[in-house]
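What follows is one structure encoded as structure tokens, with my remarks underneath.
The values are calculated or read from the model by the stated rules, or taken from the named source; none is laboratory data. All values derive from a computational prediction rather than experimental measurement. Neighbour counts are summed over all protein chains in view; Cβ atoms, including those assigned to glycine, are modelled from backbone coordinates with ideal geometry. Protein only, heavy atoms only, side chains kept; ligands, DNA and RNA dropped before computing areas. Shrake-Rupley method; radii C 1.70, N 1.55, O 1.52, S 1.80 Å.
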Amino acid sequence: MADVLPYKPRAGEIPTNPGVYRFRDADGRVLYVGKAKNLRQRLSNYFAPLRTLHERTRRMVTTASSVEWTVVSTDVDSLQLEYMWIKEFDPPFNVRYKDDKSYPFMAVTLGDEAPRVIVTRNRKIPGARYFGPYPKVWAVHETIDLMVKAFPIRTCSDSSYKRAMQTGRPCFPGQIGKCGGPCSMTVTIEEHRAMVDDFVAFMAGGDERFTRELTTRMLAASAAMDYEAAAKYRDKLSAIEAVLGKSALVLATDEDADLFGIAEDELAAAVQHFVIRGGRVRGVRAMTIEKEIDISSADLVDQVLQRAYGDAQDVPRRILVPSLPDDAAELEVWLRERRGKKVEIAVAQRGQRADLMRTATLNAQQALIRYKTRRTSDYVARTQALTDLQDALGMTEAPLRIECFDISHLGGTNVVASMVVFEDGLPRKDQYRSFNIPETTDDTDSMYQVLRRRLAYLDRPEEAEEAAAVAAVAGETGDGLEDVVVEVKRKPRFAYPPQLLLVDGGQPQVEAAARALRDAGHTEIAVCGIAKRLEEIWLPGEDFPVILPRTSESLYLLQRLRDEAHRFAITHQRKRRRNDISSVLSEVPGLGASRIKVLLKHFGSVTALRAAAPGEIEEVQGIGPVLAQNIHTHLSTR
């Protein structure tokens with residue numbers, strides 16, 4: 001694969017203005033839409049050498065065949081245009097949202113002559129005012145049942161209302177005292193509208209003036225010995241207090257805000273949206289996001305807010321997020337246009353807001369775990385994935401044990417490999433392994449070396465047992481093979497043969513793996529590779545890849561294996577780099593482990609430490625002028 005994309009714009013061709021860009025494939029389909037304050041600066045990131053790009057970004061830019069951009073006058077215009085194009089084109093590489101469920105809302109039909117309160121999932125009722133969302137339908141009904149005791153507004157259907165208007169006989173809720181009776185003129189339309197306004201005002205902010213007024217009226221009626229009226233006020237007061245008790249007070253009573261807790265990993269993110277009105281949590285909405293391209297946490301917050309408020313009718317005055325997006329000021333202007341008033345986007349850093357953010361984030365973390373395991377914890381889905389793989393790869397049996405290998409290096413140095421294991425479609429992290437490989441620039445040779453070393457243990461189980469025993473003591477086998485969790489068993493885990501070897505790569509990597517299997521005499525093990533460009537599945541000796549359906553459980557399983565192997569390899573590589581610099585620094589006389597840790601924490605990176613002058617190193621606590629000079633001299637000569 002060429003390291004430079006053929007459609008890369010010429011130097012100076014991309015403007016430095018704000019705007020929106022679109023990547024298209026050969027058929028003209030829009031693959032990705034993004035915005036930028038400086039188009040040239042942003043797009044240059046996509047046209048960096050391919051080996052430096054994140055694997056998901058690399059897959060997008062290599063799938064695309066052209067890029068185009070539209071210059072706009074302001075950053076707010078770029079935000080609006082990006083949102084409009086994402087809605088219009090539904091690009092496959094933009095983040096994909098999935099609501100956990102279709103949430104029920106409480107709606108008050110203010111557009112009707114005599115408004116009623118209903119439970120609905122339809123967000124497009126003309127003139128309706130919505131409250132929620134609620135996690136369960138019964139929670140909405142329970143709230144309505146309590147509320148109509150204090151504010152007896154209409155709950156009957158339109159047909160019941162029309163029939164009562166024609167006959168003059170109250171509908172059933174009116175007969176049992178759960179409706180004021182506008183249909184039978186027990187109360188006038190104007191009086192009923194006033195009750196609806198009070199209902200909406202209370203639900204919008206939990207206005208405690210109702211509690212004070214009812215308490216005053218109850219005491220006055222009791223003093224006047226009008227005990228029947230006092231009992232009615234008491235029941236209404238109890239209903240209001242019950243509603244308030246259902247939603248705990250989390251912020252100040254005048255606080256209207258939306259709070260977003262986000263948990264993410266390389267593949268997905270989960271969002272918990274807390275709707276806070278009058279200081280109380282009035283609704284909670286959850287969504288999961290599939291990342292089809294590398295995206296920062298700040299950009300993810302940006303996309304979440306666009307999604308949440310693009311068509312929203314209820315925008316609060318304050319939005320609390322875990323991190324500010326780069327265009328927070330433009331987002332505030334965009335939201336102000338929708339609300340008609342000032343909107344503030346802020347980070348919850350301390351006090352009650354920070355406590356609530358921690359709660360939302362914890363919920364998001366649990367939701368992410370559920371999402372990641374939902375597809376694999378379902379026995380039927382796992383069985384279907386393995387069966388589909390068996391059919392697609394032409395295997396004689398389902399691959400109950402799959403081992404995936406990935407190579408990671410920095411320009412040919414610090415070459416490491418990872419092996420992750422899935423059994424019955426579930427990860428076996430206690431059997432993950434890491435390999436150290438002699439320096440090489442050839443990924444295929446590295447893959448061959450790793451597989452030969454792994455396959456050797458199938459023929460020499462006694463060495464695997466001995467290596468496992470050594471690893472249990474020293475943390476590393478004599479073959480440069482590191483264990484995550486090691487237990488010595490009668491039959492070592494390395495002695496179990498996989499039914500399928502999966503490698504991260506295309507035809508070259510697959511052919512190298514097939515050669516390793518032939519040379520090791522284990523041609524009974526199937527092998528395939530998953531290429532990052534279009535998620536094709538390559539088999540040895542084949543000119544064309546196997547294409548699995550994009551939404552299939554089998555492709556999802558292979559993607560999880562590939563991405564887990566990549567994550568594990570990167571983790572091991574970083575650990576090695578930290579150990580390497582620690583080893584170099586430990587050679588400096590007078591520099592122990594605690595001072596090395598302080599040095600690396602102070603400078604943040606090895607590059608910064610190497611570039612530091614002796615005077616800057618001396619500023620670190622516990623480092624004197626002589627030691628600082630020794631550190632500087634030692635690093636400059638290495």
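No other residue among Glu290, Glu337 is open to solvent by 50 Å² or more (accessible area, probe 1.4 Å), of a type in the set (Asp, Glu) and closer than 21 Å to Lys87 by Cα apart from Glu337. In this structure, Gly174 does satisfy being in a helix (DSSP H, G or I), modelled with pLDDT under 75, among the small types (Gly, Ala, Ser) and farther than 27 Å from Val315 by Cα. Exactly one residue out of Gln366, Gln313, Gln352 is out of contact with any His (no Cβ under 7 Å at 6 or more places or on another chain), in a helix (DSSP H, G or I), more than 27 Å from His566 (Cβ to Cβ) and at pLDDT below 85: that is Gln352. The set of residues in the range 389-407 that are at pLDDT 85 or above and open to solvent by 10 Å² or more (accessible area, probe 1.4 Å) comprises Gln390, Asp391, Ala392, Leu393, Gly394, Met395, Thr396, Glu397, Ala398, Leu400, Arg401. Between Thr57, Thr52, the distinction of being under 28 Å from Arg567 (Cβ atoms) and open to solvent by less than 50 Å² (accessible area, probe 1.4 Å) belongs to Thr57 only. Within the range 201-210, at least one residue is surrounded by fewer than 19 Cβ atoms within 10 Å (Cβ to Cβ) and modelled with pLDDT of 70 or more. Scanning for something surrounded by 14 or more Cβ atoms within 10 Å (Cβ to Cβ), basic (Lys, Arg), at pLDDT 80 or above and out of contact with any Phe, Trp or Tyr (no Cβ under 7 Å at 6 or more places or on another chain), does the range 432-443 turn up at least one residue? So far as the range 432-443 goes, yes, one or more of its residues are surrounded by 14 or more Cβ atoms within 10 Å (Cβ to Cβ), basic (Lys, Arg), at pLDDT 80 or above and out of contact with any Phe, Trp or Tyr (no Cβ under 7 Å at 6 or more places or on another chain). Scan the range 294-306 for residues that are closer than 23 Å to Ile369 by Cβ, surrounded by 19 or more Cβ atoms within 10 Å (Cβ to Cβ) and either in contact with a strand residue (DSSP E or B) (Cβ under 8 Å, 6 or more places away or on another chain) or of a type outside the set (Val, Ile, Thr) (or both) and the total you get is 4.
Where strands (runs of 3 or more DSSP E) fall wholly inside the range 78-145, the ranges with 3 or more residues that are within 30 Å of Gly19 (Cβ to Cβ) and modelled with pLDDT under 75 are 96-99.
The set of residues in the range 39-67 being assigned to a loop (DSSP other than H, G, I, E, B) and within 21 Å of Ser78 (Cβ to Cβ) consists of Phe47, Ala64. Being hydrophobic (A, V, I, L, M, F, W, C), more than 25 Å from the chain's Cα centre (by Cα) and modelled with pLDDT under 85: is that true of Ala48 here? So Ala48 passes the test. Within the range 237-257, is there a residue that is modelled with pLDDT of 80 or more, closer than 27 Å to Arg339 by Cβ and crowded, with 17+ Cβ neighbours inside 10 Å? So far as the range 237-257 goes, yes, one or more of its residues are modelled with pLDDT of 80 or more, closer than 27 Å to Arg339 by Cβ and crowded, with 17+ Cβ neighbours inside 10 Å. Of all the listed residues (Gln365, Gln349), the sole one being without any contact (Cβ under 8 Å) to a residue 60 or more places away in the chain, open to solvent by 30 Å² or more (accessible area, probe 1.4 Å) and polar (S, T, N, Q) is Gln349. Do you know which residues across the range 273-329 are in contact with a helix residue (DSSP H, G or I) (Cβ under 8 Å, 6 or more places away or on another chain) and among the basic types (Lys, Arg)? Of everything in the range 273-329, those that are in contact with a helix residue (DSSP H, G or I) (Cβ under 8 Å, 6 or more places away or on another chain) and among the basic types (Lys, Arg) turn out to be Arg277, Arg280, Arg282, Lys291, Arg317. The residues of the range 1-31 that are open to solvent by less than 30 Å² (accessible area, probe 1.4 Å) and closer than 15 Å to Arg59 by Cα, listed by number, are Leu5, Phe23, Asp25, Val30, Leu31. Inside the range 527-537, residues that are surrounded by fewer than 23 Cβ atoms within 10 Å (Cβ to Cβ) and at pLDDT 85 or above make up a count of 1. Could you tell me how many of the residues in the range 60-71 are touching a helix residue (DSSP H, G or I) at 6+ places or on another chain (Cβ under 6 Å) and open to solvent by 30 Å² or more (accessible area, probe 1.4 Å)? Number of matching residues: 1. Across the range 612-638, the number of residues qualifying as of a type in the set (Val, Ile, Thr), assigned to a helix (DSSP H, G or I) and surrounded by fewer than 18 Cβ atoms within 10 Å (Cβ to Cβ) comes to 2. Residues in the range 360-375 that are within 25 Å of Asp326 (Cα to Cα) and of a type in the set (Val, Ile, Thr): 1 in all.
Scanning the range 7-28 for residues that are farther than 14 Å from Ser73 by Cβ and touching a residue at least 40 places away in the same chain (Cβ under 8 Å) returns Tyr7, Pro9, Ile14, Tyr21, Arg22, Phe23, Arg24, Asp25.
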